[in-house]
Amino acid sequence: AFKNRAEADSFHSSQAALYHVRGTNQHNTRAVQVAEQASSLNSGDCFVLVTSSTAFAWLGSGANDTERAVAHNVVNLLSNGRAVVALEEGSEPAEFWEALGGQAEYASSSTLQNDDFEPRLFQVNNTLIHGIGTTRNNSL
């Protein structure tokens with residue numbers, strides 16, 4: 001189901017594929033292919049970058065344990081004989097950034113790195129209010 005996963009590997013030296021791994025538990029964590037650029041990254045999730053020679057699992061500092069486990073599974077699935085490298089955010093080699101078109105800013109807010117939020121409950125109601133600005137005639 002992944003682009004570029006064919007047994008007969010079709011990568012050229014200039015190609016790369018980037019997959020965003022995100023979710024909250026083992027049932028909803030998925031890898032989705034995104035644009036191969038540094039701005040696609042964010043500290044709250046994991047990413048898998050496949051180049052012609054290496055398959056990287058990039059582990060954002062705010063990623064949860066499930067995202068990290070799925071990223072490891074995906075990188076192994078897509079490696080197809082390439083070297084597999086797991087990277088903690090901040091320890092990227094030059095090859096990683098080159099495959100993404102160079103190092104650039106990405107979402108790295110401290111709120112993305114902390115999933116320890118106070119839960120909040122919201123209620124939404126779509127009931128229409130009748131009678132405001134209208135005249136109702138109840139007689140027959």
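Summarising the amide proton neighbourhood of Ser108: residues at separation of 5 or more, or on other chains, whose placed amide H is nearer than 5 Å comprise Ser43. Give the long-range amide H neighbours of Val84: residues separated by 5 or more places, or on another chain, with amide H under 5 Å away, using H modelled in the peptide plane at 1.01 Å from N. Sorted by chain and number, the residues that satisfy this are Ala55. For segment 66-73, 3J(HN,Hα) computed residue by residue from phi via the Karplus equation (6.51, -1.76, 1.60; θ = phi - 60°) reads 5, 4, 5, 5, 5, 4, 5, 5 Hz, glycine and proline entered as x. Across segment 25-31, rounded Karplus estimates of 3J(HN,Hα) from the backbone phi angles (6.51 cos²θ - 1.76 cosθ + 1.60, θ = phi - 60°) give 7, 5, 8, 10, 8, 9, 10 Hz, Gly and Pro being marked x.
For Tyr19, Tyr106, what's the largest-to-smallest order of accessible area, 1.4 Å probe?
On the way: Tyr19 5, Tyr106 50 Å².
If we order Tyr19, Tyr106 from most to least accessible, we get Tyr106, Tyr19.
Sorted into 10 angstrom bins from 0, the C-alpha pair distances of segment 17-99 split as 21, 59, 20, 1 percent.
The values are calculated or read from the model by the stated rules, or taken from the named source; none is laboratory data. Please read all numbers here as calculations on a predicted model, not as lab measurements. Heavy atoms of the whole protein, side chains included, go into the accessibility calculation; ligands, DNA and RNA do not. Shrake-Rupley method; radii C 1.70, N 1.55, O 1.52, S 1.80 Å.
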